Amino acid sequence: MLESLIAAALSAGREIMAVHAAGPQVTYKNDCSPVTEADQRAEDIILSSLARHYPDIPVVAEEAAASGHIPEIKSDFFLVDPLDGTKEFISDKQDFTVNIALIRNGTPVLGVVYAPALGVAWTGEKETARKLFISGEFEPVSNHSIRCRAKPPMPVAVISRSHCTPKTEAFVAENGLIDSISIGSSLKFCMLAEGAADVYPRFSRTMMWDTAAGDAVLRAAGGITLDMAGLPLRYEIDQSNDDMLANPDFIAWGAPPR
């Protein structure tokens, strides 16, 4: 399954970069979040691939969900964010990603995160996480395994560029996190997974498709994402809840806290 998800992500990334080169046209959804033709084109490619390879596994995808299309979930399902970091994409930054995750029993068990502008991707499955280097022709050329690092004497926090809050700043200060890195999209999880940072606190709204793929990579690399009760973040869709696809606040860790 992993190879087909990588192929879908790379194909979506090719389309995203084509729109990026031409200059995206921006519109706004009902929640006032920006969307471009790259979001929809990438999602169409991924949904087509998943339907072809895994017709019996339902898919919850950002743009389809925004249009009210949320399938009934009974067991396994995919979460898809075709373009995470749309604000960064529009601003001509490079930290935007394609995200595909498989959820099983509320846990992200397989994930692919692809940063097409950076030419890198990350994968997580079981206890194996890898970083892939992607050519200009959108083909993998090399890869190596990655693991979270042990907590160093001076841990590094990674925080959202677009959604830093006073609560986040307080957490950084209270925990003596002198060094911090500000970056967009699901790259924050990947930085923890490859040992470039140690903790990612998130105290503002995220959706399940924003985090699932990066969370899968992080868990495969030895890290964990915890809710505010200290329990592993769950991906369970309660279709009786109007806000069924939103995550609670969470803290992602490279070395799990003791």
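The values are calculated or read from the model by the stated rules, or taken from the named source; none is laboratory data. Every value quoted in this text rests on a predicted model; they were computed, and no experiment measured them. Counting neighbours? That spans all protein chains shown, and the Cβs are built from the backbone with ideal geometry, glycine included. Protein only, heavy atoms only, side chains kept; ligands, DNA and RNA dropped before computing areas. Shrake-Rupley method; radii C 1.70, N 1.55, O 1.52, S 1.80 Å.
Beyond 17 Å, the tail of the calculated P(r) for segment 1-117 holds 52 percent of the Cα pairs. Rolling a 1.4 Å probe across all protein chains gives F77 an accessible area of roughly 10 Å². What is the sum of charges around I103, taking Lys and Arg as +1, Asp and Glu as -1, for the other residues whose C-beta is under 9 Å from the C-beta of I103? Combined, the nearby Lys, Arg, Asp and Glu give -1.
Working note: Karplus 6.51/-1.76/1.60 with θ = phi - 60° gives segment 74-82 the couplings 10, 9, 5, 7, 9, 10, 10, 10, x Hz, where Gly and Pro are set to x.
On the accessible surface of the chain, probed at 1.4 Å, how many percent belong to carbon and sulfur atoms?
Numbers: 5800 of 11580 Å².
So the carbon and sulfur contribution to the accessible surface is 50 percent.
Give me the dipole magnitude in Debye, nearest 20, for segment 42-102 about the Cα centre, with unit charges on the beta carbon: positive for Lys and Arg, negative for Asp and Glu. Write down the numbers at each step before the final one.
Numbers: 4 positive and 12 negative charges, 23 e Å.
It works out to roughly 100 debye.
In loop segments of segment 54-158 as defined by DSSP, the GluC sites (Glu not before Pro) with at most 13 further C-beta atoms inside 10 Å of their C-beta are E72, E127, E137. Rounded to whole numbers, the Karplus 3J(HN,Hα) couplings from phi for segment 83-94 are 8, 8, x, 4, 4, 5, 4, 5, 7, 6, 8, 10 Hz, using 6.51 cos²θ - 1.76 cosθ + 1.60 with θ = phi - 60°, and x at Gly and Pro. Listed values (i) 47, 44, 35; (ii) 75, 42, 34; (iii) 68, 39, 33 include one computed from this model; for Cα extents along the principal axes in Å that value carries the label (i).
Based on the Cα coordinates of segment 116-195, what is the per residue volume of their convex hull in Å³? Could you put the intermediate results ahead of the total?
Numbers: hull volume 8.8 nm³, N = 80.
Cα convex hull per residue, to the nearest whole number: 110 Å³.
Tell me, what is the per residue accessible area of the chain in Å², probe radius 1.4 Å? Could you put the intermediate results ahead of the total?
On the way: 11580 Å² over 258 residues.
Result: 45 Å² per residue.
Pairs spanning more than 32 Å between alpha-carbon atoms, out of K29/K126; K74/K167; K93/K131: K29/K126; K74/K167.
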